[in-house]
Protein chains: 2
Amino acid sequence: MILCDIGNTTYHFLINGKHKKYFLDEKVPKFDDEIYFVSVNEKATKKLLKKNSHAKNINKFLKFSTAYQGLGIDRAVACSFQDNCVIVDAGSAITVDIMEEGVHKGGFILLGLQRFKKSYPKISKKLKFDFEKNINLDKIPLRTFDAIQYAMLKSIILPIKEVSLNKNIIFTGGDGEFLSKYFENSTYKKDLIFENMKRIIDANNCIA
Amino acid sequence: MILCDIGNTTYHFLINGKHKKYFLDEKVPKFDDEIYFVSVNEKATKKLLKKNSHAKNINKFLKFSTAYQGLGIDRAVACSFQDNCVIVDAGSAITVDIMEEGVHKGGFILLGLQRFKKSYPKISKKLKFDFEKNINLDKIPLRTFDAIQYAMLKSIILPIKEVSLNKNIIFTGGDGEFLSKYFENSTYKKDLIFENMKRIIDANNCIA
């Protein structure tokens, strides 16, 4: 069984326990195995289905009720089976969702780390910088290089902190491991979406 | 006397008490009056001087000492004459500077409101939105439209809140008035930079 998470930037496959990513403009292979997928991107979904007409969209198996209008299926999958916590999927966007007693209370969408990095030089060439992963966030910056990275990280970290008081935070996504280090009450689950996809598939006895 | 603040996006003139802005790629007029300017943009400075060789850069009159390396002259001017406060210049970038007992303690650089707005649709067309100025920041969003604007405003507001506990905040710049409404301890000074430029010129008796 092959799993695939179609996002805004990549096809993310789990094939025999191994991760494989393709950018959306790359060629997608044809697979013989069964494929289950989640997708937030219609065009990319069509492209996958063109070569793999047997691929199954997991949305028909998912039971996730929320008052949130237009919640991405990847967020619904990530939040499934959670009781009380904040779920952060740090990809090209950073989605933050709040679960309380098994109920989805809403969420918000921060710019992803890469998008922040790309956006500063668009204001001025002087704000171009090479990201450094060891920025001191306890000290007010004293040079432009630090002033940007401090601000960028604070712009991401503080909104998450504000909604996660007394709650555990589960991080997933490409920048999830890096960001999780700024939070004491956090866990990083690289495969959160794939794990939940499997549970949804199992619960529906829909494995071939 | 004409004053001019050359930023990353515009020439901002004060002519006989009236504001006049030109984008950096527009033609700059030739003026007969005396001109004093601050600038963070060398290329734009040269363009101004080409037509107005009599224009005087205020940097030679400014006495502002700081441990911050590479502080933009506009930020130094905005922070001049301040004792204990946070100065926020909300333009294409949002600069945040902390003054304590007349000493500049450092600062940071957030993305400007316009840059945030432009950056979301670059992640996905689904994240395109028309900015609405009345977003409820006390409630976790329940639709994508609110989820983006909530996150964007929190990304700007919370880092400023964190450094301004027990301090007054002075807002200036194009989005300064709008942002100041989210802070109880704030003042909006549209002409902060021009007012301080005048004080610096006066203190140096350099008026023609």
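Tabulated values for the structure
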| item | result |
| --- | --- |
| Residue count for segment A:83-105, restricted to those that are surrounded by 17 or more Cβ atoms within 10 Å (Cβ to Cβ) and in contact (Cβ under 8 Å) with a residue 40 or more places away in the chain | 13 |
| Wholly within segment A:59-139, strands (runs of 3 or more DSSP E) carrying at least 2 residues that are under 26 Å from B:Asp138 (Cα atoms), facing chain B (nearest Cβ under 8 Å) and small (Gly, Ala, Ser) | A:103-111 |
| Hits in segment A:36-56 (condition: among the polar types (S, T, N, Q) and within 21 Å of A:Ser92 (Cβ to Cβ)) | A:Ser39, A:Asn41, A:Thr45 |
| Verdict on B:Tyr150 being in a helix (DSSP H, G or I), of a type in the set (Phe, Trp, Tyr) and either within 14 Å of another protein chain (Cβ to nearest Cβ) or over 28 Å from A:Thr95 (Cα atoms) (or both) | yes |
| Residue within segment B:154-168 that is away from chain A (no Cβ under 14 Å) and either surrounded by fewer than 17 Cβ atoms within 10 Å (Cβ to Cβ) or not in a loop (DSSP other than H, G, I, E, B) (or both) present | yes |
| Per-region count, segment A:1-14, residues within 11 Å of A:Phe194 (Cβ to Cβ) and part of a strand (DSSP E or B) | 7 |
| Residue in segment B:170-178 that is surrounded by fewer than 22 Cβ atoms within 10 Å (Cβ to Cβ), more than 17 Å from B:Thr95 (Cα to Cα) and more than 14 Å from chain A (Cβ to nearest Cβ) present | no |
| Pairs, first loosely packed, with under 14 Cβ neighbours inside 10 Å in segment B:56-68, second modelled with pLDDT of 90 or more, C-beta under 7 Å, six or more apart | B:Ala67/A:Leu142 |
| Tally of residues being buried (at least 20 other Cβ atoms within 10 Å of the Cβ) and either closer than 11 Å to B:Phe37 by Cβ or aliphatic (A, V, I, L, M) (or both) across segment B:8-22 | 4 |
| Any chance B:Lys181 is exposed (fewer than 14 other Cβ atoms within 10 Å of the Cβ) and farther than 19 Å from B:Ala76 by Cβ | yes |
| The one condition in (1) within 17 Å of the chain's Cα centre (by Cα); (2) in contact (Cβ under 8 Å) with a residue 40 or more places away in the chain that B:Thr187 fails to fulfil | (2) |
| Condition met for B:Ser80 (under 19 Å from B:Asp202 (Cα atoms) and surrounded by 16 or more Cβ atoms within 10 Å (Cβ to Cβ)) | yes |
| Counted residues, segment A:184-203 - those being in contact with a Gly (Cβ under 9 Å, 6 or more places away or on another chain) and either surrounded by 22 or more Cβ atoms within 10 Å (Cβ to Cβ) or acidic (Asp, Glu) (or both) | 2 |
| Restricting segment B:1-26 to residues that are in contact (Cβ under 8 Å) with a residue 60 or more places away in the chain and within 14 Å of another protein chain (Cβ to nearest Cβ), the residue that is nearest to B:Lys190 (Cα to Cα) | B:Gly7 |
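Quick grid of which residues meet (1) more than 22 Å from A:Thr144 (Cβ to Cβ); (2) among the aliphatic types (A, V, I, L, M); (3) in contact with a helix residue (DSSP H, G or I) (Cβ under 6 Å, 6 or more places away or on another chain):
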position: B:Lys43; (1), (2), (3): no, no, no
position: B:Lys50; (1), (2), (3): yes, no, no
position: B:Phe64; (1), (2), (3): no, no, yes
position: B:Val77; (1), (2), (3): no, yes, yes
position: B:Gly102; (1), (2), (3): yes, no, no
position: B:Gln114; (1), (2), (3): no, no, no
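The values are calculated or read from the model by the stated rules, or taken from the named source; none is laboratory data. Please read all numbers here as calculations on a predicted model, not as lab measurements. Positions of Cβ are backbone-derived with ideal geometry, glycine not excepted, and every protein chain shown enters the neighbour counts.
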